[in-house]
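Taking it in order: structure first as structure tokens, then the write-up.
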Amino acid sequence: MNLCKTIKWFQPKALAAVFVLSCLFLLCFLASNNSYTFDYVNDWDKIQDDNFTVVDETWLCFSSAKILHRAENLRRGVPKESICRLRVPKSIYYEIDGDIRVDGDSSSIFWINSQGNESLKAKPFPRNCDPMVMKDIKEFSVKSFPHQNESVPQCTSNHSYPAVIFAYGGYTHNFFHDFTDLLIPLFLTAHRYHGEVQFLITNMNPSWVERFGTILKNLTRYEIIDIDKVGHNNIHCYKSMTIGLYAHGEFTIDPLMPPLGYTFANFTDFLRISFSLERHMLRNHDKSPPRKPKLLLITRRWNSKLINFNETATMATDLGFEVILMEGGDEPVDKFAQIVNSCDVIAGVHGSALSYMVFLPQNAVVIQIVPWGRLEGVCWCNFAFTVRKAKLKYLEYQASLEESTLLSKYPRDHRYIQDPFSVHMEGWFVYSKVYMAEQDVILDLQRFRGTLVEGMEHVKQYQ
């Protein structure tokens, strides 16, 4: 499924060591290779070759003129006619400049240039490493035609601003994947245009667009187009287009990947501004009377539930917290963004609802409760790295077997209890069903008390 799930059985310290060594290697590589390189090619087949065994860190560009690269934030020249492709861990995407015409009715993109008469296929969704998802993503044909070709469709709508074309799909309808597969990649792809960009969506879900409308409206000033329903012979024309989305990994942003320099803290700053959230960070207010730190306790509704959440809330109240209970799910995003931003600590069992941390003020605390079953690696990878990049404090509580409801479902000599490693070796769908979908947590309140106290002490530094 992804790197994190492949190394799911790693302990956090071992995983951190691997991460540090990998970063050192990457820095050495970038230093020796002048960061991402840009190759001018005259072989169209190389542009559409997807036979890679590793990440291709070279922009491959095809053009009728000598080119470097188009993106302003890479401080490169912008050619009049070019198509460039970059493959990163989660996606393959294309940047096109020139005379570009989009026919949604036939899922075709026409690129008019002096070379002409070539074509490639593109699926504009950032989970290229997941064949099960990608098989359901609509494929677009990118066709190169020479100037003055009579078979090229004529423009019916001309646009002076760039366009980004992408697909809705995959695991969306899950808050974690809404962000990791669409909203974070959209931010990386479109933020540099400061609203002067139009979104063309295939397989568009109007309820998703409405749900995250506040974010989308802060990325584009223009109408969002359902490209599948533009009608016959309705041709939208642009001078610049991105096919697909920049995506660096699971719920993360890597400042060393294009577009260079963006961080996860930039993304959370953008969200606080978009939702007009009151608190940017926790800070000392010498003239204000101390208030009770506010804890958002995620109870969850369906699986990975916190069974004794009422007792946990009572204990937290006794420690001095003001406690808010939230299931997560279908609340309006604008509403729970305000609720989360008012809190100082968020705590919950590993799951998509922990993604609400994107609305916390900086210096707030995220407590991830890791269910039993050797889930430390995937839990660490999905949230721990990102929490720190968002300038938040990360605390982790690892539930013991005695805190797991698996003991009420399986005897102690069952292999799910005796040998979780062998279950992990059967793959994501097997181990996630056993240790995530089927398992709830009953916290040992005395053990968990220490984690809450540590979170309390951190927050009090800023009161």
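The values are calculated or read from the model by the stated rules, or taken from the named source; none is laboratory data. Computed from a predicted model, the values in this text were never measured in an experiment. Because the Cβ atoms are built from the backbone with ideal geometry, glycine has one as well, and the counts that use them run over all protein chains shown. For accessibility, only protein heavy atoms count, side chains too; no ligands or nucleic acids. Shrake-Rupley method; radii C 1.70, N 1.55, O 1.52, S 1.80 Å.
Some points to look at:
- Number of residues in the stretch 85-116 that are outside any strand (DSSP E or B) and more than 21 Å from ASP226 (Cα to Cα) equals 8.
- Some residue of the stretch 403-411 being modelled with pLDDT of 95 or more, in contact with a Phe, Trp or Tyr (Cβ under 8 Å, 6 or more places away or on another chain) and part of a loop (DSSP other than H, G, I, E, B): yes
- Screening TRP380 on (1) part of a helix (DSSP H, G or I); (2) open to solvent by less than 10 Å² (accessible area, probe 1.4 Å) shows it passes everything except condition (2).
- In the stretch 295-313, the residues that are of a type in the set (Lys, Arg) and under 16 Å from MET357 (Cβ atoms): ARG300
Quick grid of which residues meet (1) part of a strand (DSSP E or B); (2) in contact with a Pro (Cβ under 6 Å, 6 or more places away or on another chain):
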position: LYS143; (1), (2): yes, no
position: HIS147; (1), (2): no, no
position: GLU150; (1), (2): no, no
position: ILE165; (1), (2): yes, yes
position: THR180; (1), (2): no, no
position: ILE184; (1), (2): no, no
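- All positions within the stretch 244-258 that are touching an Asp or Glu at 6+ places or on another chain (Cβ under 8 Å) and either of a type in the set (A, V, I, L, M, F, W, C) or assigned to a strand (DSSP E or B) (or both): ALA247
- Consider the stretch 140-169 and keep the residues that are under 34 Å from the mean Cα position of the chain (by Cα) and farther than 17 Å from PHE199 by Cα. The one that is surrounded by the fewest Cβ atoms within 10 Å (Cβ to Cβ) is SER141.
- Within the stretch 243-254, not a single residue is touching a Ser or Thr at 6+ places or on another chain (Cβ under 6 Å) and open to solvent by 60 Å² or more (accessible area, probe 1.4 Å).
- Test: residue in the stretch 352-360 that is over 16 Å from the mean Cα position of the chain (by Cα) and touching a residue at least 24 places away in the same chain (Cβ under 8 Å): yes
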